[in-house]
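**Q** Take this structure, written in structure tokens, and hold onto it; I'll ask about it next.
FYI, it's all coordinate maths here, none of it is from the lab. Keep in mind it's a predicted model, so treat the numbers as computed, not measured. Because the Cβ atoms are built from the backbone with ideal geometry, glycine has one as well, and the counts that use them run over all protein chains shown.
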């Protein structure tokens, strides 16, 4: 699937967040703030709940590492 999109897959050392810290932190936040607080009734329910959390995380939740801007705001300023 990755190759069909013209992408190249890279792997990091397992359990080594220093190599991919931002993604490791995002996944941790997703688990702590969304997934572990839910009891999903179906795949559709899980997909919708996670999509809503991602929208919140990127568009409404300020991030300390981004000077209290949302990722969407920071992206617009960088463009």
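**Q** For region 66-79, give me the residue count where each residue is under 25 Å from residue 17 (Cβ atoms), part of a helix (DSSP H, G or I) and touching a helix residue (DSSP H, G or I) at 6+ places or on another chain (Cβ under 9 Å). Outline the logic, then answer.
**A** Step one: filter region 66-79 for residues under 25 Å from residue 17 (Cβ atoms), giving 66-72, 74-75, 78.
Filter once more, keeping what is part of a helix (DSSP H, G or I): 66, 71-72, 74-75, 78.
Restricting the remaining residues to those that are touching a helix residue (DSSP H, G or I) at 6+ places or on another chain (Cβ under 9 Å) gives 66, 71-72, 74-75.
Number satisfying all stated conditions: 5.
**Q** Something else: Got a number for residues in region 10-51 being part of a loop (DSSP other than H, G, I, E, B) and either surrounded by fewer than 12 Cβ atoms within 10 Å (Cβ to Cβ) or touching a strand residue (DSSP E or B) at 6+ places or on another chain (Cβ under 7 Å) (or both)? So that I can check it myself, show each step before the final result.
**A** Kept after step one, since they are part of a loop (DSSP other than H, G, I, E, B), are these residues of region 10-51: 10-16, 20, 34, 38-42.
Of the ones still in play, those that are also either surrounded by fewer than 12 Cβ atoms within 10 Å (Cβ to Cβ) or touching a strand residue (DSSP E or B) at 6+ places or on another chain (Cβ under 7 Å) (or both) are 10-11, 13-16, 39, 41-42.
Qualifying residue count, region 10-51: 9.
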